[in-house]
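Just so it is clear, none of the values below were taken in a lab; they were calculated from the coordinates. Not measured: the values here are computed from a predicted model.
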Amino acid sequence: MREQEVLLRIRQGKTNKQIALELGISGFTVRDHVSALLKKLSASNRTELAIMETPYISRVCKKDSHE
């Protein structure tokens, strides 16, 4: 669920620092979530994450939140 919140903010063009402030978490935690998303979604960078199709992203994030 937190990864989805981070991803939403990436799609809004926010920086890790901005995301951290909004979610009340550290920049290191945001970095970890971004890294996990890049790996799970086989994206090379934040831009790829931002333009990926939303339903696919939701499925992947939901699947991992149940493990």
**Complete:** Karplus ³J(HN,Hα) for the range 4-12 (6.51 cos²θ - 1.76 cosθ + 1.60, θ = phi - 60°; Hz, whole; x = Gly/Pro) runs 5, 5, 5, 4, 4, 6, 4, 5, 8
**Prompt:** Length gain on complete extension for the stretch SER26 to LYS39, per 0.36 nm per residue less the alpha carbon to alpha carbon distance?
**Reply:** 2.7 nm
